[in-house]
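Here the structure is laid out as structure tokens; the discussion comes afterwards.
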Amino acid sequence: MTASVLQERETSIGGSSASSIALAFSSSLTSGSSLHVGGASNNGASSLSCAGSRNGSYGTALDNINDTNGNAQQRAAHWKFDNSAAGSETVTVTPNSSNAFLAICIREIGGTSGYDSAHNASNQTAPGTGTDALTSGNMTPSVQPGCVSAFSFDDWSGSGSPTAGTGFTAGLVGWAFGGGSTSLRAEFKRYTSTSALAATFTAINGTEGHITMAALFKEASSGAMTGSSALVFGETGTLAGAGAASATSALTMGQTGALKGAGALAASSALQFGQIGALAATGALAGTSALLLGQAGALAGTGVLAGTSALLIGQTGSLAAPGALTGTSALSFGASGTADLPSGAMAGTASLTINASATLSAFGALIGNCQIIFNASAAVPGIQTLPSEVPAGRRIRNIYRVTIDGQVFEFGTLQQALDLLEQAKALAEKVAEDDAIWKTPRKPPVITVSSRELRKPAAQAKREIQATYDRAAVHAELRMLFELSRRQEEDDTLLLLM
Amino acid sequence: MPKQFTKTTQVTIPLRSLTPGIKGPFTSGVLPSTLSGYEIDFQNDGTWPTDGNDVCTITVEQSNDSGQTWAFDASVTLAGKSWTTKQGVVINTVPWAVGIDNQGSTGRQIRVSVNVLQSCTLGATVSSVS
């Protein structure tokens with residue numbers, strides 16, 4: 001965005017002493033704008049201060065000029081304020097003691113990344129009416145492009161506002177101070193060189209004193225990337241902006257590259273970050289995205305990766321995002337890569353490949369078809385396996401052990417162990433049917449198990465076997481009593497016959 | 001403010017004694033869409049306080065919807081010192097001029113309030129400038 005004056009206003013009062021003068025910008029300020037303010041008073045005041053209703057103090061004046069010429073007796077100063085907040089702003093200039101001929105001129109400069117640490121001011125007595133005879137004096141920009149914002153006014157009798165200097169864009173006129181004519185001219189100029197330059201004006205009345213004040217502002221580089229964009233950043237490349245990259249974008253960041261922005265990457269995006277690449281954004285990656293993050297790459301964002309996403313995160317890469325990965329996502333982590341989705345969700349079709357000592361820790365949900373591949377000593381903490389019929393995998397194996405009268409039986413599944421307990425109960429029933437066995441009392445088998453899941457079934461089996469044995473013992477006793485009774489009857493009959 | 005301008009009186013506040021407190025607002029009618037600014041010419045009767053303390057704060061609000069909503073526009077706080085020219089000649093009239101940078105409004109009005117901080121005699125003429 002090109003630097004420019006977005007709005008400007010002025011006000012002045014004549015011979016009544018005033019303790020302050022205030023003026024509001026007509027329109028709300030744009031966030032990030034710089035403000036340039038000029039102020040003046042009778043030089044009975046030794047200093048002037050400036051503050052905004054929204055932005056607060058504008059700090060120390062860039063320049064403080066005192067014209068002690070008998071016809072003037074005027075003091076003037078100018079201030080800058082960078083990175084303004086958005087919204088309404090009223091600017092107040094206050095002399096350290098109330099004085100007459102108070103004035104203020106306010107300018108909002110947009111498309112700037114701030115003041116360029118360069119300013120100047122001059123007090124010229126009888127400058128003449130030659131072109132560009134009024135000058136602030138040289139200022140040297142540190143970068144380009146940039147812009148000059150300047151004020152110049154006839155501080156004697158106000159015979160008329162100067163005209164803008166050669167190559168400068170004329171701004172407002174003002175500061176009549178109660179006279180019939182204005183005395184102030186504001187101007188602006190964009191430059192594309194770091195050579196020293198001055199703000200110049202041409203006086204209307206060359207015999208009267210003039211005060212000129214100027215400051216340099218850097219032009220901002222953020223904006224919107226539309227259409228097809230190919231950006232290559234160097235070793236410490238950074239893209240920081242609340243903008244949008246639409247259509248096809250290819251961004252290559254250097255060793256410490258970073259993409260920070262509360263914006264959106266729409267359509268097809270290919271992002272390659274360097275060794276410490278990072279994508280930290282409260283935004284959305286829509287469409288088809290290919291993200292390649294370097295050795296310490298990280299994807300940390302409260303956002304959404306929709307559509308088809310291919311994410312390749314390097315050796316110590318991490319995915320930490322309370323967001324959502326929808327659609328088809330392929331995530332590949334490096335040697336010690338981590339994927340931590342504390343409150344997120346991976347829906348749709350997801351493929352995760354984690355290598356070496358990588359870790360997958362997730363307290364979220366993996367929904368849909370997920371293929372998770374671990375290599376080497378990769379670990380999966382935080383995933384519970386249910387005590388179901390799912391066969392143990394290569395690395396996780398449960399052994400179910402049942403011991404009956406000292407004989408150990410081991411099984412790979414719970415059901416197999418339960419089947420054995422059923423067999424034990426069935427055997428107890430068979431044993432109970434064999435009369436010969438019950439000639440002597442028998443104890444039920446001693447059954448012990450290794451797993452918590454088997455305790456209840458084992459206790460139930462023991463109870464049932466005990467019951468079976470008890471019934472069998474009772475039956476055996478009854479049969480014995482019946483036999484004894486029968487024999488007694490036989491003996492009694494023989495005695496009778498004798 | 002343009003070098004040459006035309007002033008048109010919109011509101012007249014007669015010269016009178018004022019006691020502490022807020023006076024007004026004194027509201028103009030709809031101003032010309034070609035407005036480039038407004039001017040308030042203050043008048044005193046030579047009895048203006050000279051104790052150096054603040055005497056009154058004049059606040060101007062602006063509306064661009066024919067008076068339905070108002071927003072702060074400008075203010076000045078007059079102090080207790082004699083009004084003079086730059087050459088020190090005592091005067092009883094002082095102008096306060098405010099520039100406008102958003103011409104074209106067809107529902108623009110201004111209203112003036114005076115917060116009197118100490119008793120004084122003051123009058124004012126509010127004029128549009130185009």
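The values are calculated or read from the model by the stated rules, or taken from the named source; none is laboratory data. Not measured: the values here are computed from a predicted model. Because the Cβ atoms are built from the backbone with ideal geometry, glycine has one as well, and the counts that use them run over all protein chains shown. Ligands, DNA and RNA are stripped out before the accessible areas are found, and what is left, the full protein with its side chains, is counted by its heavy atoms. Shrake-Rupley method; radii C 1.70, N 1.55, O 1.52, S 1.80 Å.
So what are the ³J(HN,Hα) numbers for segment A:158-165, from phi and the Karplus equation (6.51, -1.76, 1.60; θ = phi - 60°), rounded to whole Hz, Gly and Pro as x?
Coupling constants for segment A:158-165: x, 7, x, 6, x, 8, 5, x Hz.
Once amide H atoms are placed 1.01 Å from N in the peptide plane, what residues at a sequence separation of 5 or more from residue A:7, or on another chain, have their amide H within under 5 Å of its amide H?
A:108
Lys/Arg Cβ at +1, Asp/Glu Cβ at -1, dipole of segment A:18-127 taken about the Cα centre: which of A:76, A:109, A:34 is farthest positive-ward?
Projecting each Cα onto the dipole axis, the largest value belongs to A:76.
Can you give the charge dipole size of segment B:3-53 about its Cα centre, rounded to the nearest 20 debye, using +1 on the beta carbon of Lys and Arg and -1 on the beta carbon of Asp and Glu?
On the way: 4 positive and 4 negative charges, 36 e Å.
So the dipole magnitude of segment B:3-53 works out to roughly 180 debye.
What distance in nm separates the simple spin-label points at residue A:482 and residue B:9, each placed 7 Å from Cα in the Cβ direction?
Simple spin-label model gives 13.8 nm for this pair.
With a sphere of radius 12 Å drawn around the Cβ of residue A:17, what net charge do the other residues whose Cβ falls strictly inside it have (Lys, Arg +1; Asp, Glu -1)?
For residues surrounding residue A:17, the net value is -1.
Whole-Hz Karplus ³J(HN,Hα) for segment A:35-51, in order, using 6.51 cos²θ - 1.76 cosθ + 1.60 and θ = phi - 60°, x for Gly and Pro?
3J(HN,Hα) across segment A:35-51, in whole Hz: 10, 10, 10, x, x, 8, 7, 4, 7, x, 8, 8, 7, 10, 10, 9, 8.
Which residues in segment B:13-44 have a backbone N closer than 18 Å to a point placed 7 Å from the Cα of residue B:93 along the Cα-to-Cβ line?
Output list for this probe position: B:13-16, B:38-44.
With a Förster radius of 25 Å, plug the Cβ-Cβ distance of residue B:113 and residue A:88 into 1/(1 + (r/R0)^6) and report the FRET value to the nearest 0.05. Could you put the intermediate results ahead of the total?
Values: r = 18 Å, r/R0 = 0.74.
FRET efficiency, residue B:113 to residue A:88: 0.85.
Considering only protein heavy atoms and a probe of 1.4 Å, how much of the accessible area of chain B is carbon and sulfur, as a whole percent? Don't jump to the answer; show the numbers that get you there.
Details: 2710 of 5490 Å².
That fraction is 49 percent.
Taking the Cβ of residue B:9 as the centre, find all other residues whose Cβ is under 14 Å away and add up their charges (Lys, Arg: +1; Asp, Glu: -1). Kindly include the intermediate steps, with their values, before the conclusion.
Details: positive: B:7; negative: B:39, B:41.
With Lys, Arg at +1 and Asp, Glu at -1, the net is -1.
Report, as an integer, the average count of C-beta atoms from other chains found within 10 Å of each Cβ along B:67-79. It would help to have the intermediate numbers written out before the result.
Values: counts 0, 0, 0, 0, 4, 6, 7, 8, 9, 12, 10, 7, 11.
Mean partner shielding for this stretch: 6.
Pop out the ³J(HN,Hα) list for segment A:61-78 in order, Karplus 6.51 cos²θ - 1.76 cosθ + 1.60 with θ = phi - 60°, rounded to Hz; leave Gly and Pro as x.
4, 5, 9, 9, 9, 10, 9, 9, 4, x, 7, 10, 6, 10, 10, 9, 8, 9
Find the sum over both chains of the accessible area lost when A and B are paired, probe 1.4 Å, and report it in Å² to the nearest 100.
Working: alone 24190 and 6740 Å², together 28430 Å².
Buried: approximately 2500 Å² between B and A.
Between segment B:69-98 and segment A:461-489, what is the separation of their alpha carbon centroids in Å?
Going from one Cα centre to the other spans 125 Å.
Between residue A:54 and residue A:410, how many nm apart are label points set 7 Å from Cα along the C-beta direction?
Going from the residue A:54 label point to the residue A:410 one covers 7.6 nm.
Can you work out the PRE-style zone for residue B:53? Point 7 Å along Cα to Cβ, and I want the residues of segment A:83-102 with backbone N under 17 Å.
A:98
Please compute the net charge surrounding residue A:139, taking Lys and Arg as +1 and Asp and Glu as -1 over other residues with Cβ under 12 Å from its Cβ. Provide the component values of the computation, followed by the final result.
Working: positive: A:189; negative: A:63, A:116.
Neighbourhood net charge equals -1.
In whole Å, how far is the Cα centre of segment A:133-199 from that of segment A:47-116?
15 Å
If you put +1 on each Lys and Arg Cβ and -1 on each Asp and Glu Cβ, how big is the dipole of segment A:26-137 around its Cα centre, in Debye rounded to 20?
Working: 4 positive and 7 negative charges, 42 e Å.
With Lys and Arg at +1 and Asp and Glu at -1, about 200 debye.
So, with +1 on the Cβ of K and R and -1 on the Cβ of D and E, and no other charges, what is the size of the charge dipole of chain B about its Cα centre, to the nearest 20 debye? Don't skip to the end; give the middle numbers.
Working: 8 positive and 9 negative charges, 43 e Å.
Using Cβ point charges on Lys, Arg, Asp and Glu, chain B gives about 200 debye.
Under a plain spin-label model, where a point goes 7 Å from the Cα along Cα-to-Cβ, how far apart in nm are residue B:19 and residue A:493?
14.3 nm
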